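**Q** Can you read through this structure? Questions will come right after.
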Amino acid sequence: MPVELRPWAEGDLGVLERANAPEMTAHLGGPETEAQVRERHERYLRLNASGEACMLRIDVDGEPAGGIGYWLTEHEGAPAFEAGWSVEQRFQGRGVAREALRQLTHLVAADGRRGLLVAFPGVDNAASNALCRSAGFEHRGSSTEPWRGGELTSNVWVLDVSPLDLAGRVPDVDERFDAPALDESRWWPFYTPHWSSQDAAAARWAVGPRGLRLRIDADTVPWAPDLDGDLRVSHLQSGQYSGPVGSGIGQHRFRPGLVVREAQPEHRGWLVRHGVIEVRMAAIRHPDAMVACWPIGFEDRPDDCGEVCIAEIFGSELDDQGGWVGIGVKPQNDPRLREDFEKIRVDGDLTAMHDYAVEWTPERVRFFVDGRWVKTSVQSIDYSVQFMLDVYEFPRADGTRDVAALPHVLRVERVRSFPPG
C-alpha cells in the first residue's frame with residue numbers, strides 16, 4: 001500500500017470537500033461552509049507558492065486519501081512549523097496517517113529553516129493524539145484557543161527535528177582503531193561467547209591507519225549452530241557480563257531457555273550512559289551480509305537489557321540510489337520499553353562511509369544519519385550500554401555460500417561518545 005505525498009494542486013478542492021463531512025470534522029467544531037472550504041483551498045495554493053507552507057495531498061496506491069502539511073508559526077516565542085492532517089474514513093485504520101506523518105517529519109527536517117515541529121490535536125481526538133505519540137512527538141500540556149466562534153482545547157505536541165549539533169562538544173572517547181593492535185582494555189573481540197564459546201565466537205579483525213576491519217572469511221564457522229543455525233558473525237563488543245555455567249544469566253538473551261556454556265570474565269571496557277554516540281562505517285552490498293552498530297544494556301541487572309539500534313543495514317536492501325537503514329529502540333527483554341524500530345530510506349552510496357548517531361537523554365533518543373535528524377523515540381533508557389559492532393553472514397535456504405564474494409568486511413573509521421551536553 002504505497003503512501004505518497006504530492007504538492008497541493010488546483011484540482012485538489014475535492015479532497016477538502018470530502019474532509020468537510022460532519023464525521024470528519026467532529027473534533028474541529030463541525031463542517032465549514034462551501035465558501036470557507038474554497039477559501040481554504042485557495043489559501044493552500046497561495047501559501048505553497050510563497051513558501052509560507054508546504055501543503056500536500058496524501059495518495060494511497062495513486063488515489064487521493066487526504067491532506068497533510070506544515071506552515072510557519074511560533075511556539076513559546078521560538079520559530080517553528082505547525083503540522084496538520086486529515087485522512088478520509090475509508091483509508092483510516094490502515095497506517096496511512098502514520099506513514100504520511102513520518103514522511104512529513106522528514107520533509108520538515110530536510111527543509112532546514114526551522115527545527116521545531118508542533119501539532120495541536122483536540123484533547124478528545126484519541127487517534128491524532130496517539131499518532132503524535134507514535135511519531136516521537138512529546139506531550140507538553142494543553143491549551144484552549146478561540147475557534148470558529150467558540151473554543152477548542154488541544155493537546156500540545158512538540159517534535160525536535162533539528163540536526164545533530166556537536167559544536168563545542170568534546171568527545172570523552174574518540175576511537176579511531178589506528179593503533180598497532182586492538183585496545184582489548186576497551187573491546188571484547190567475541191560475540192556473546194557465554195552462549196557458545198570464545199573459540200566459536202572470536203572476531204576476525206584488523207586495525208591500523210584505515211581504521212577497523214571486521215571480516216568473515218570462507219573458513220569462518222557458525223558461532224552457535226544449534227542455537228542460531230549457520231549464522232556467521234565477526235563482532236566487537238565493549239562489555240561482557242554473564243553468570244556461571246548452567247545459569248541463564250547473560251547478555252543478549254535472544255531466545256528463551258539459553259544457558260551459559262562457557263564462563264567468561266566480567267569486562268567493563270567502554271560503557272556509556274546518556275550523551276551522543278556516533279559511528280562512521282560503511283555497508284556491504286551483498287544479499288547475504290548485514291552490518292550493524294547496536295549498543296545494548298550491560299545487563300548486570302536482568303531488565304537493563306534494551307537495545308539502541310544506531311544502524312543495521314542489510315546488503316539485500318541496497319541499490320544504485322541508496323538503501324534502507326534500520327534504526328530505533330528494541331526492548332529485547334526490558335519490560336519497561338516498547339518496540340520502536342523502523343527502516344528509513346537513505347540516498348547515496350551506503351557502501352561509502354556515513355555517520356550514524358544517537359543523542360540520548362533519560363527521556364528520549366534522537367537518531368541521525370550524516371547529522372540529519374531521522375527519528376525520535378520517547379522512552380526512558382536510564383542505564384549503561386555497551387557497544388556492539390558486527391558483520392553477519394546469513395545462511396541461505398539451500399545451504400550454499402557465495403565463497404567467491406568473501407571476505408565480507410565491515411569497515412569502521414571511528415566510534416566516539418560525547419558526555420551529556
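**Q** How big is the chain by Rg and Dmax over its Cα atoms, in Å?
**A** Radius of gyration, then largest Cα-Cα span, for the chain: 24.4, 76 Å.
**Q** Listed highest first by mean packing, meaning other Cβ atoms within 10 Å per residue, what order do 21-27, 300-306 come in? Intermediate values should be presented prior to the final figure.
**A** Details: 21-27: 12.6, 300-306: 17.1.
Final packing ranking: 300-306, 21-27.
**Q** Could you check the simple spin-label distance between Asp382 and Asp124, using points 7 Å along Cα→Cβ, in nm with one decimal?
**A** 3.6 nm
**Q** At 222 nm, what helix-only mean residue ellipticity would the chain give, in deg cm²/dmol to the nearest 500, using -39500 (n - 2.57) for each DSSP H run of four or more?
**A** On the way: 6 runs with 57 residues, N = 421.
-4000 deg cm²/dmol, from helical runs alone.
**Q** Find the centroid of the Cα atoms in the range 204-272 and in the range 405-421, then give the distance between the two in whole Å.
**A** 17 Å
**Q** For a Förster distance of 35 Å, can you work out the FRET efficiency between the beta-carbons of Leu271 and Arg133, rounded to the nearest 0.05?
**A** Working: r = 30 Å, r/R0 = 0.86.
Efficiency at R0 = 35 Å is approximately 0.70.
**Q** Expressed as an acute angle from 0 to 90° and rounded to the nearest 10, what is the orientation of the C-alpha long axis of helix 34-50 relative to the principal long axis of the chain?
**A** 50 degrees
**Q** To the nearest 20 Debye, how big is the dipole of the range 3-160 about its Cα centre, given +1 on the beta carbon of each Lys and Arg and -1 on that of each Asp and Glu?
**A** Numbers: 16 positive and 24 negative charges, 49 e Å.
Taking the Cα centre of the range 3-160 as origin, the dipole is about 240 debye.
**Q** While we're on this one: How large is the convex hull of the C-alpha atoms of the range 30-137 per residue, in Å³?
**A** On the way: hull volume 14.2 nm³, N = 108.
In the range 30-137, the Cα convex hull volume per residue is 132 Å³.
**Q** Can you sort Lys343, Lys330 so the residue with the fewest Cβ neighbours within 10 Å comes first?
**A** Working: Lys343 15, Lys330 19.
Ascending Cβ contact count within 10 Å gives the list Lys343, Lys330.
**Q** A further question follows. Between Ser316 and Asp349, what is the label-to-label distance in nm when each label sits 7 Å out along the Cα-to-Cβ direction?
**A** Going by the 7 Å Cα→Cβ label model, 2.5 nm.
**Q** How much FRET efficiency would the formula 1/(1 + (r/R0)^6) give for Arg46 and Glu4, where r is the Cβ-Cβ distance and R0 is 30 Å, rounded to 0.05? Please report the intermediate quantities before stating the final value.
**A** Values: r = 23 Å, r/R0 = 0.78.
After rounding, the FRET efficiency stands at 0.80.
**Q** Find, to one decimal place in angstroms, the Kirkwood hydrodynamic radius of the range 120-194, where the mean of 1/r is taken over every pair of different Cα atoms and then inverted. Intermediate values should be presented prior to the final figure.
**A** Details: mean 1/r = 0.0571 Å⁻¹.
After inverting the mean inverse Cα-Cα distance, the result is 17.5 Å.
**Q** Additional query: Label points 7 Å out from Cα along the Cβ direction at Asp370 and Ser185: separation in nm?
**A** Placing both labels 7 Å along Cα→Cβ, they lie 3.7 nm apart.
**Q** Determine the gain in length on full extension of the stretch Ala78-Asp172; use 0.36 nm per residue of separation and subtract their C-alpha separation, reporting nm with one decimal.
**A** On the way: separation 94, 0.36 × 94 = 33.84 nm, distance 3.16 nm.
That works out to 30.7 nm of additional length.
All of the numbers you see were taken from the coordinates with simple rules; none came from a lab. It should be emphasised that the depicted structure is a prediction, and the values quoted were computed from it without experimental measurement. For neighbour counting, all protein chains shown are included, and Cβ atoms are generated from backbone atoms with ideal geometry for every residue, glycine included.
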